[in-house]
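Each reported figure results from applying straightforward, stated rules to the coordinates on display, with no laboratory input. This structure is a prediction, so every number in the text was calculated from the model and none was measured. Glycine gets a Cβ as well: all are built from the backbone with ideal geometry, and neighbour counts include every protein chain shown.
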Amino acid sequence: MNGAESLVATLVQRGVNICFANPGTSEMRFLAALGDNPQMRSVLCLFEGVATGAADGWYRMKNTPASTLLHLGPGLANGLANIHNARRALSGMVNIVGEHSVSHLKYDPPLTSDIEGLARPLSHWVRRAESSQTIAWDAAQAIAKAGEHPGQIATLILPGDTAWEQAGRAQDLPLTATTKRKVPSSARVEHVARVLRSGEPTLIILGNKATRGAALDRAGRVAAATGARLGSQFFTARIERGAGRVPIARIPYAVDPALVFLKDFKHIVTVEATEPVAFFAYPDKPSLLKAEGTLVHPLVDAEEDSELAFDMLVQALGAAGAMPLLQARTETPVPSGALNPTSIAHALAAALPEHCIVVDESLTTGRESMGLTMGAPPHDLLNNMGGSIGYSTPVATGAAMACPDRRVFCMVGDGSAMYTIQSLWTQARESLNVTTIIFANNSYATLKTEYANMGGGRPGERALSLIDIDRPRIDWLAMAKSMGVPAVSVENAESFHQAMVRSTREPGPCLIEVRL
């Protein structure tokens, strides 16, 4: 058994049984080891940013890390934008980055780079394998780190010689103890209980794993017993929403509406989240969005157990019998006529099947539409936590692989889609159930709004040339067809709804161009 085989065996033994790969020469032994291990699923991605984004999507739906295979420093650099997004989403990931053999590095070959220097700013753990004999231990440490709560980014650098040299007989390493989520402070719980008993207007901001499962149910019980309101930042890593689930209000993205939303709350309680902060700094606008005099009370820190915290809070409040208010099902009629944020939202709400996954990167359209889909059938919503564009199609790819029995709807603007459009090829190759919805306004429309928000007024002709993307206009149908994905264009609300419904009736990927 060589070092690469030892590494793959360790990944599989520790539950990391999928690798999103974009390999190069230095990784050929690792590639062979991936292919020779029937317990490992290897998925080819045509760009490293698709591989790292897919690993993010896998973690969000599975709560266990995937691995990636990246080619040397430039390959890692290509994947960093979506590693940034994964880190902000608190997703765990094991990155295997190939490197030249030790004997070759001294000659400074063209692809030599400071891989550790590239990896450290966005990784929680970085290690360079020193020997084929230690790779199994290195991999076990990387997996343990990635599997912590909250999820961590682990990067293991694999020099070529450590991959091809013999590692000796395979040995079962002692299993690393599962990292338990920390117990919240009882003093903090009692303090928040007093705040809630005061009856003063209180917003409980939920983040990370508190936006789903038992934690969300318990939060709903607390809200029902105390009159507190449940909210989230505008973007969440994954939220269970829709009919029959505890509703959570999204704090608006734009500063002025966010200030209005928050102005009457006297207290903000944070759960695996931070207090509301503006996404960007704007002239003459605040960065912190709470009203003057509003007090912030942390209930659950990032590494703590929010489900347990709400259990403790329910007991402290004597609210065990309280029943959460659940979102009612809104029977939305199929819309007709022109496409606009409202008709788009109604078409979505009417077409989404139960328990689908919605990945949203529709920076312009989705900000207005998604709030109108709360009464749709139950579904999961995944947002871009890091703000680096090009997250949605890779995350949708990983989510579809994690949940092959659930249809994934990926909503993305045309400008954002071009960053990682290679995802379509992987979706076709793997026959993934992904409906990609391209909102084609032939412009970076969100930047026009931001131009005004920054005090720039109306952009001139030269500035517009850096925002509009209509010369030439992107042919989305040809783009999809070239990568093996059937596609259709729609220009009104009825045809948009029909196209979404049709996409759920056949397995595999498809693309809908929504012409705005």
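List the relative contact order of the chain as a percent without decimals, with contacts defined as Cα pairs under 8 Å and 6+ residues apart. Walk me through the numbers before you get to the answer.
Details: 1182 pairs, mean separation 73.7, N = 516.
The value is 14 percent.
With the Cα gyration tensor of the range 1-79 giving a ≥ b ≥ c as the square roots of its eigenvalues, does the rule (a/c under 1.5 for rounded; else a/b larger than b/c for prolate; else oblate) give rounded, prolate or oblate? Kindly include the intermediate steps, with their values, before the conclusion.
Values: a/c = 2.05, a/b = 1.08, b/c = 1.90.
Oblate.
Going by the alpha-carbon gyration tensor, a ≥ b ≥ c the square roots of its eigenvalues, is the range 295-378 rounded (a/c under 1.5) or, if a/c is not under 1.5, prolate (a/b greater than b/c) versus oblate? Each step should come with its number before you reach the end.
Working: a/c = 3.05, a/b = 2.05, b/c = 1.48.
In terms of gyration-tensor shape, prolate.
Taking a threshold of 28 Å on the Cα-Cα distance, which of the pairs Lys145/Lys263; Lys62/Lys145; Lys62/Lys182 fall above it?
From Lys145/Lys263; Lys62/Lys145; Lys62/Lys182, over 28 Å: Lys145/Lys263.
Can you compute the helix-only [θ] at 222 nm over the chain? Use -39500 (n - 2.57) per DSSP H run of at least 4 residues, normalise by all residues, nearest 500 deg cm²/dmol.
Result for the chain: -10500 deg cm²/dmol, rounded to the nearest 500.
How are the C-alpha pair distances of the range 22-125 spread across 5 Å bins, as whole percents from the shortest bin up?
The percentages, shortest bin first, are 2, 13, 22, 24, 19, 13, 5, 2, 0.
For the residues Ser423, Ser489, Ser503, Ser6, what sequence is obtained by ranking on other C-beta atoms within 10 Å, fewest first?
Listed from fewest to most nearby Cβ atoms, that is Ser489, Ser503, Ser6, Ser423.
Place a +1 charge on the Cβ of each Lys and Arg in the chain and a -1 charge on the Cβ of each Asp and Glu, then give the dipole magnitude about the Cα centre in debye, rounded to the nearest 20. Present the calculation step by step, with values, prior to reporting the outcome.
Values: 46 positive and 49 negative charges, 171 e Å.
Rounded to the nearest 20 debye, it is 820 debye.
Counting other C-beta atoms within 10 Å, which of Cys410, Cys403, Cys45 has the fewest, and how do the rest follow?
Arranged by neighbour count, lowest to highest, Cys410, Cys403, Cys45 become Cys403, Cys45, Cys410.
If you find the alpha carbon centre of the range 451-514 and of the range 191-234, how far apart are they in angstrom?
Going from one Cα centre to the other spans 38 Å.
With the cut-off at 1.5 for a/c, could you classify the range 341-515 from its C-alpha gyration tensor as rounded, prolate or oblate? Please report the intermediate quantities before stating the final value.
Values: a/c = 1.73, a/b = 1.44, b/c = 1.20.
Cα axes put the range 341-515 in the prolate bin.
For the range 3-164, with only Lys/Arg (+1) and Asp/Glu (-1) charged at the beta-carbon, what is the dipole magnitude about the Cα centre, in debye rounded to 20?
On the way: 12 positive and 13 negative charges, 105 e Å.
Charge dipole of the range 3-164: 500 debye, to the nearest 20.
What area, in nm² and to one decimal, does the C-alpha convex hull of the range 186-317 cast on average over all directions? List each step's numbers first, then the result.
On the way: hull surface 31.1 nm².
Its Cα hull, projected and averaged over all orientations, spans 7.8 nm².
How long are the semi-axes of the ellipsoid equivalent to the chain, from square roots of 5 times the Cα gyration tensor eigenvalues, in whole Å, largest first?
Numbers: eigenvalues 282, 187, 97 Å².
Ellipsoid semi-axes (Å, largest first): 38, 31, 22.
Among Trp137, Trp58, Trp476, Trp125, which comes first, second and so on when ranked by fewest other beta-carbon atoms within 10 Å? Could you put the intermediate results ahead of the total?
Numbers: Trp137 15, Trp58 28, Trp476 22, Trp125 18.
If I rank by nearby Cβ atoms, fewest first, I get Trp137, Trp125, Trp476, Trp58.
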